[in-house]
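Structure record follows, encoded as structure tokens.
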Amino acid sequence: MAAPAQNLRINGDRLWDSLMEMAKIGPGVAGGNNRQTLTDEDAEGRALFQKWCQDAGCTMGLDQMGNMFARREGTDPEALPVYVGSHLDTQPTGGKYDGVLGVLGGLEIIRTLNDLGIKTRHPIVATNWTNEEGTRYAPAMLSSGVFAEMHTQDWAYDREDAEGKKFGDELKRIGWRGEEEVGARKMRAFFELHIEQGPILEAEEKDIGVVTHGQGLSWTQVTITGKDAHTGSTPMPMRKNAGLAMARVLEKVDEIAWSHAPHAVGAAGHIDVFPNSRNVIPGKVVFTVDLRSPDLAVITDMENRLRVAAEDIVEEMGLQIEFEKVGGFDPVAFDETCVAALRNAAERLGYSHTDIISGAGHDACWINRVAPTAMVMCPCVDGLSHNEAEEISKDWAAAGADVLFHAVVETAEIVE
Ligand SMILES: [Zn+2]
């Protein structure tokens with residue numbers, strides 16, 4: 001496969017202008033965006049993306065989950081397409097770049113190929129996955145998940161928002177429910193460009209993060225039972241303080257995560273204390289321990305050590321404990337050929353780069369189950385995302401899209 005010439009670049013100004021144009025749809029209250037999935041604003045954003053794609057000569061596909069596919073033909077009718085994309089939906093107080101950069105980066109690749117009159121053997125398809133964010137309809141990455149057979153379509157259609165409106169009904173209402181069977185498409189590869197949503201690239205002054213793995217996740221819900229008692233009149237030796245036991249367990253969670261530095265992390269984000277009264281020693285606590293690592297063996301080790309340590313703590317204190325695994329997914333290892341295409345592209349283009357682990361879930365994590373997949377990231381200011389103040393520079397966006405462009409075009413094979 002011939003790599004694109006070193007001087008081939010996307011049009012960074014045009015990419016930036018398109019990002020700013022899209023950001024006018026569903027403006028937030030503080031300079032960002034509120035373009036939640038299956039709202040009228042989502043429909044408007046989709047229509048603009050479709051218009052741009054059609055203006056670039058693409059034919060549009062739409063499946064029954066509302067996933068959008070803008071196809072630029074290749075020269076070989078038998079060749080599997082190279083897919084590239086992300087999501088146009090945002091958080092209620094979201095930024096202008098999370099997801100959008102990956103979708104419009106795909107469009108920019110097609111526009112650049114048109115400008116330069118470059119033909120590829122494989123078609124290239126710019127993609128918008130429906131409901132990546134999962135705010136209005138849980139879970140996140142819902143439609144790429146149906147595409148990759150992680151969920152059934154009927155189950156997805158039955159998801160309800162806070163007002164009880166079903167996903168399937170709202171998709172139809174906004175006019176973006178297609179006829180095409182979900183997951184029927186076969187891919188040569190899938191590439192996703194995304195902002196980092198973390199602080200590493202900016203801190204290390206790298207232009208590009210080549211994502212090798214996605215973090216795996218384990219949620220264990222822990223219930224510790226002691227005895228409610230008066231905080232003033234119960235002598236210290238007679239207390240069954242479930243809150244204290246939890247505090248000791250959480251110290252262990254922190255210690256266990258640190259023991260697998262730098263990539264493992266652990267914390268309890270959800271904590272309920274009962275009865276949660278100022279003058280009652282807590283008789284019961286329920287909390288969820290969130291453990292993550294790109295290595296499945298590390299996750300398993302952390303889960304086991306958590307159980308042993310927590311059992312020791314409560315036994316010594318004379319309390320009871322129960323564990324329930326309430327969620328999780330395995331770590332993702334992206335396709336080595338696709339990862340190498342991105343790394344080589346960054347090298348060829350002269351951008352500083354580093355391998356990186358994605359701490360957040362992305363559509364690429366699901367698509368990786370059904371097609372060779374990789375992700376590339378650009379920095380974002382202070383690592384801030386899911387916030388209207390989310391910011392990137394025009395140069396960062398262009399560098400990320402350049403690397404995406406080279407990897408996609410190399411995989412799609414330039415026809416000389
Ligand atoms: Zn995103």
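When LEU38, LEU15, LEU8, LEU19 are checked against the criterion of being in a loop (DSSP other than H, G, I, E, B) and at pLDDT 95 or above, LEU38 stands alone in meeting it. Among the conditions (1) touching a residue at least 12 places away in the same chain (Cβ under 8 Å); (2) part of a helix (DSSP H, G or I), the only one that ALA47 does not satisfy is (1).
The rows are residues; the columns are (1) open to solvent by 50 Å² or more (accessible area, probe 1.4 Å); (2) in a loop (DSSP other than H, G, I, E, B); (3) in contact (Cβ under 8 Å) with a residue 24 or more places away in the chain.
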{"residue": "SER233", "(1), (2), (3)": "yes, yes, no"}
{"residue": "PRO237", "(1), (2), (3)": "yes, no, no"}
{"residue": "LYS240", "(1), (2), (3)": "yes, yes, yes"}
{"residue": "GLY243", "(1), (2), (3)": "no, no, yes"}
{"residue": "ILE256", "(1), (2), (3)": "no, no, yes"}
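Screening HIS362 with (1) closer than 19 Å to GLY216 by Cα; (2) away from the ligand (no atom under 16 Å from the Cβ); (3) not acidic (Asp, Glu) gives one miss only, at (2). Considering (1) at pLDDT 95 or above; (2) in contact with a Phe, Trp or Tyr (Cβ under 8 Å, 6 or more places away or on another chain); (3) of a type in the set (D, E, K, R); (4) closer than 26 Å to CYS365 by Cβ, the lone condition that LYS284 does not fulfil carries the number (4).
Cβ-Cβ contacts under 7 Å between residues 6 or more apart (or on different chains), taken from a first residue in segment 127-141 that is buried (at least 19 other Cβ atoms within 10 Å of the Cβ) and acidic (Asp, Glu) to a second residue that is in a loop (DSSP other than H, G, I, E, B) and at pLDDT below 95, are listed as GLU132/ALA140; GLU133/ALA140.
Counting only residues that are open to solvent by 20 Å² or more (accessible area, probe 1.4 Å) and touching a Leu at 6+ places or on another chain (Cβ under 6 Å), segment 188-224 holds 1 of them.
I'd like the full set of residues that are among the hydroxyl-bearing types (Ser, Thr, Tyr) and under 13 Å from HIS362 (Cα atoms), limited to segment 118-143.
Scanning segment 118-143 gives THR130, SER143.
Considering segment 164-184, the residues that are of a type outside the set (D, E, K, R) and over 19 Å from MET150 (Cβ atoms) include one that is nearest to the chain's Cα centre (by Cα), namely TRP176. Here LEU62 clears all of (1) of a type outside the set (S, T, N, Q); (2) open to solvent by less than 10 Å² (accessible area, probe 1.4 Å); (3) touching a Phe, Trp or Tyr at 6+ places or on another chain (Cβ under 9 Å) except the condition numbered (2).
Any chance you could count how many residues in segment 16-44 are under 22 Å from ALA156 (Cα atoms) and either free of Cβ contacts under 8 Å to residues at least 60 places away in the same chain or of a type in the set (Asp, Glu) (or both)? Residues meeting the conditions: 4.
Of VAL249, VAL308, VAL289, VAL314, all but one fail to be aliphatic (A, V, I, L, M) and free of Cβ contacts under 8 Å to residues at least 60 places away in the same chain; the exception is VAL308. Meeting the requirement of 3 or more residues that are within 16 Å of the ligand (Cβ to nearest atom) and among the polar types (S, T, N, Q), no strands (runs of 3 or more DSSP E) wholly within segment 55-138 can be named.
Each residue in segment 312-337 was checked for being within 23 Å of ARG248 (Cα to Cα), at pLDDT 95 or above and under 34 Å from the mean Cα position of the chain (by Cα), and 4 of them qualify.
Within segment 265-285, is even one residue open to solvent by 50 Å² or more (accessible area, probe 1.4 Å), in contact with a helix residue (DSSP H, G or I) (Cβ under 9 Å, 6 or more places away or on another chain) and among the polar types (S, T, N, Q)? Within segment 265-285, none of the residues are open to solvent by 50 Å² or more (accessible area, probe 1.4 Å), in contact with a helix residue (DSSP H, G or I) (Cβ under 9 Å, 6 or more places away or on another chain) and among the polar types (S, T, N, Q). Among the residues of segment 92-113, which ones are open to solvent by 10 Å² or more (accessible area, probe 1.4 Å) and among the charged types (D, E, K, R)? LYS96, ARG111 - these are the residues of segment 92-113 that are open to solvent by 10 Å² or more (accessible area, probe 1.4 Å) and among the charged types (D, E, K, R). Which of the residues belonging to segment 245-254 are buried (at least 16 other Cβ atoms within 10 Å of the Cβ) and within 26 Å of the chain's Cα centre (by Cα)? Within segment 245-254, VAL253 is the sole residue that qualifies. Taken as a whole, segment 84-91 holds no residue that is open to solvent by 10 Å² or more (accessible area, probe 1.4 Å), of a type in the set (Val, Ile, Thr) and touching a residue at least 24 places away in the same chain (Cβ under 8 Å).
The values are calculated or read from the model by the stated rules, or taken from the named source; none is laboratory data. Worth saying up front: this structure is predicted, and the values here are computed from it rather than measured. In this analysis, Cβ positions are derived from the backbone assuming ideal geometry, glycine residues included, and neighbour counts consider all displayed protein chains. Just so you know, the surface numbers come from the protein's heavy atoms only, side chains and all, with ligands and any DNA or RNA stripped out. Shrake-Rupley method; radii C 1.70, N 1.55, O 1.52, S 1.80 Å.
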